Amino acid sequence: MDQPRNGVVKQSIPKPRIDKDMRLALQQFVTRYALHPKNASQHIHIANVKIDSGETAMYAYWKEDQSILIMHFFAHPSEEQGLLWLHHKARIDLKTGVVATEEEMSGSNYLVTKAWAQHVVNVCLEHGQLLVLKPKTDRK
(Lines give C-alpha, C1' and ligand atoms only; values in the text may rest on other atoms or scores of the structure.)
Protein backbone atom coordinates (compact mmCIF):
# COMPACT_ATOMS: atom_id res chain seq x y z
CA MET A 1 0.00 0.00 0.00
CA ASP A 2 2.04 2.95 -1.29
CA GLN A 3 -0.55 5.59 -0.57
CA PRO A 4 -3.41 5.46 1.89
CA ARG A 5 -6.78 4.58 0.50
CA ASN A 6 -9.45 7.04 1.42
CA GLY A 7 -11.68 4.84 3.50
CA VAL A 8 -12.31 6.61 6.76
CA VAL A 9 -10.24 5.35 9.62
CA LYS A 10 -12.30 3.42 12.15
CA GLN A 11 -10.14 3.08 15.25
CA SER A 12 -6.64 2.95 16.57
CA ILE A 13 -4.90 -0.16 17.81
CA PRO A 14 -2.01 -0.59 20.26
CA LYS A 15 0.82 1.92 20.23
CA PRO A 16 3.37 1.52 17.44
CA ARG A 17 6.86 0.11 17.85
CA ILE A 18 9.35 2.71 16.76
CA ASP A 19 12.82 1.25 16.37
CA LYS A 20 16.16 3.06 16.20
CA ASP A 21 16.27 2.99 12.37
CA MET A 22 12.86 4.64 12.16
CA ARG A 23 13.92 7.27 14.71
CA LEU A 24 17.08 7.93 12.72
CA ALA A 25 15.15 8.25 9.44
CA LEU A 26 12.70 10.66 11.11
CA GLN A 27 15.59 12.65 12.58
CA GLN A 28 17.18 12.96 9.14
CA PHE A 29 13.83 13.96 7.62
CA VAL A 30 13.13 16.59 10.29
CA THR A 31 16.66 17.97 10.00
CA ARG A 32 16.23 18.34 6.22
CA TYR A 33 12.63 19.61 6.04
CA ALA A 34 11.78 21.43 9.28
CA LEU A 35 10.85 25.02 8.54
CA HIS A 36 11.71 28.13 10.53
CA PRO A 37 12.97 28.40 13.13
CA LYS A 38 15.33 25.63 12.13
CA ASN A 39 16.26 24.74 15.72
CA ALA A 40 12.70 24.52 17.09
CA SER A 41 11.42 21.25 18.53
CA GLN A 42 9.30 19.23 16.13
CA HIS A 43 6.35 17.20 17.45
CA ILE A 44 5.50 13.98 15.66
CA HIS A 45 2.58 11.89 16.91
CA ILE A 46 2.79 8.29 15.62
CA ALA A 47 -0.09 5.82 15.76
CA ASN A 48 -1.13 2.50 14.32
CA VAL A 49 -4.42 3.06 12.54
CA LYS A 50 -7.01 0.54 11.38
CA ILE A 51 -8.72 1.57 8.14
CA ASP A 52 -12.01 0.48 6.53
CA SER A 53 -10.45 -2.49 4.76
CA GLY A 54 -9.39 -3.89 8.13
CA GLU A 55 -5.71 -3.29 7.38
CA THR A 56 -3.49 -1.60 9.91
CA ALA A 57 -0.99 1.06 8.94
CA MET A 58 1.31 3.34 10.89
CA TYR A 59 0.87 7.07 10.30
CA ALA A 60 2.29 10.14 11.96
CA TYR A 61 1.03 13.67 12.32
CA TRP A 62 3.89 16.16 12.15
CA LYS A 63 2.41 19.17 13.92
CA GLU A 64 4.80 21.92 12.83
CA ASP A 65 4.86 20.74 9.21
CA GLN A 66 1.08 20.28 9.09
CA SER A 67 1.49 16.92 7.39
CA ILE A 68 0.74 13.22 7.71
CA LEU A 69 3.66 10.83 7.25
CA ILE A 70 3.21 7.29 5.96
CA MET A 71 5.51 5.58 8.40
CA HIS A 72 6.32 2.27 6.72
CA PHE A 73 8.49 4.27 4.30
CA PHE A 74 10.59 5.47 7.26
CA ALA A 75 11.86 2.00 8.16
CA HIS A 76 15.46 2.81 7.20
CA PRO A 77 17.74 5.83 7.37
CA SER A 78 18.07 7.55 4.02
CA GLU A 79 20.49 9.47 1.83
CA GLU A 80 19.58 12.94 0.56
CA GLN A 81 17.97 11.55 -2.61
CA GLY A 82 15.91 9.18 -0.47
CA LEU A 83 14.79 12.06 1.74
CA LEU A 84 13.50 13.90 -1.32
CA TRP A 85 11.60 10.76 -2.37
CA LEU A 86 10.11 10.48 1.14
CA HIS A 87 9.08 14.13 1.07
CA HIS A 88 7.12 13.57 -2.15
CA LYS A 89 5.79 10.03 -1.65
CA ALA A 90 5.50 9.42 2.09
CA ARG A 91 4.14 12.83 3.15
CA ILE A 92 0.64 14.25 2.79
CA ASP A 93 0.64 18.04 3.01
CA LEU A 94 -2.53 18.99 4.88
CA LYS A 95 -2.64 22.36 3.09
CA THR A 96 -2.39 21.05 -0.49
CA GLY A 97 -3.09 17.29 -0.44
CA VAL A 98 -6.58 17.29 1.03
CA VAL A 99 -9.90 17.63 -0.81
CA ALA A 100 -13.45 17.71 0.51
CA THR A 101 -14.85 14.61 -1.22
CA GLU A 102 -13.73 11.46 -2.99
CA GLU A 103 -15.19 12.84 -6.22
CA GLU A 104 -12.69 15.71 -6.08
CA MET A 105 -9.83 13.24 -5.96
CA SER A 106 -10.45 12.32 -9.62
CA GLY A 107 -8.44 9.10 -9.37
CA SER A 108 -5.46 10.79 -7.72
CA ASN A 109 -3.21 8.59 -5.61
CA TYR A 110 -1.73 11.48 -3.62
CA LEU A 111 -4.88 13.35 -2.56
CA VAL A 112 -6.91 12.28 0.46
CA THR A 113 -10.31 13.35 1.71
CA LYS A 114 -10.71 15.86 4.51
CA ALA A 115 -12.58 13.28 6.61
CA TRP A 116 -9.77 10.71 6.22
CA ALA A 117 -7.03 13.24 7.02
CA GLN A 118 -8.85 14.68 10.03
CA HIS A 119 -9.48 11.25 11.46
CA VAL A 120 -5.84 10.17 11.05
CA VAL A 121 -4.70 13.38 12.74
CA ASN A 122 -7.17 12.84 15.58
CA VAL A 123 -6.09 9.22 16.12
CA CYS A 124 -2.42 10.26 16.10
CA LEU A 125 -3.05 13.05 18.61
CA GLU A 126 -5.33 11.05 20.90
CA HIS A 127 -3.70 7.61 20.80
CA GLY A 128 -0.26 8.08 19.29
CA GLN A 129 3.22 8.05 20.70
CA LEU A 130 4.82 11.51 20.74
CA LEU A 131 8.36 11.98 19.47
CA VAL A 132 9.95 15.39 19.99
CA LEU A 133 12.89 15.91 17.66
CA LYS A 134 15.17 18.88 17.15
CA PRO A 135 16.72 19.45 13.75
CA LYS A 136 20.44 18.85 13.93
CA THR A 137 22.84 21.46 12.65
CA ASP A 138 25.95 20.59 10.72
CA ARG A 139 29.09 20.96 12.77
CA LYS A 140 32.19 21.99 10.88
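The values are calculated or read from the model by the stated rules, or taken from the named source; none is laboratory data. Since the model is a prediction, treat every value here as computed from it, not as a measurement. Every residue, glycine among them, receives a Cβ derived from its backbone with ideal geometry; neighbour counts consider all protein chains shown. These accessible areas exclude ligands, DNA and RNA; they are computed on the full protein's heavy atoms, side chains included. Shrake-Rupley method; radii C 1.70, N 1.55, O 1.52, S 1.80 Å.
Based on the inverse mean of 1/r over its pairs of different Cα atoms, what is the Kirkwood hydrodynamic radius of the chain, in Å? Working shown, then result.
On the way: mean 1/r = 0.0655 Å⁻¹.
The Cα-based Kirkwood calculation yields 15.3 Å.
Taking Cα atoms, how many degrees apart are the long axis of helix 20-33 and the longest axis of the chain, rounded to 10 and kept between 0 and 90?
The angle comes out at about 80 degrees.
Find which of 73, 135, 62 sits farthest along the positive direction of the dipole of the chain, computed with +1 on the beta-carbon of Lys and Arg, -1 on that of Asp and Glu, about the Cα centre.
Toward the positive end, the furthest listed residue is 135.
In the stretch 19-125, what GluC sites (Glu not before Pro) fall in a loop by DSSP, with at most 11 other Cβ atoms inside 10 Å? Walk me through the numbers on the way to the answer.
Values: sites: 55, 64, 79, 80, 102, 103, 104; in loops: 55, 64, 79.
Hits after loop and neighbour filter: 79.
With all pairs of different alpha carbon atoms counted, what Kirkwood hydrodynamic radius in Å does the stretch 23-97 show?
Details: mean 1/r = 0.0777 Å⁻¹.
One over the average 1/r among Cα pairs gives 12.9 Å for the stretch 23-97.
Within the chain, how many Lys pairs that are eight or more residues apart, or on different chains, come under 13 Å at the alpha-carbon? Write down the numbers at each step before the final one.
On the way: 10/50; 15/50; 38/134; 38/136; 63/95; 95/114.
Close lysine pairs under the 13 Å cut-off: 6.
Quick check for you: with a 1.4 Å probe and neighbouring chains kept, what is the accessible area per residue of the stretch 86-140, in Å²?
Working: 3630 Å² over 55 residues.
Averaged over the residues of the stretch 86-140, the accessible area is 66 Å².
Just how much of residue 56 is accessible, in Å², when a 1.4 Å probe is used and the result is rounded to the nearest 10?
Approximately 70 Å² for this residue.
Roll a 1.4 Å probe over the protein chains and send me the accessible area per residue for the stretch 10-67 in Å².
On the way: 3080 Å² over 58 residues.
Counting only protein heavy atoms, the per-residue value for the stretch 10-67 is 53 Å².
Determine how large the accessible area of residue 38 is when every protein chain is in place; take a 1.4 Å probe and give Å² rounded to the nearest 10.
Surface open to solvent at residue 38 totals about 100 Å².
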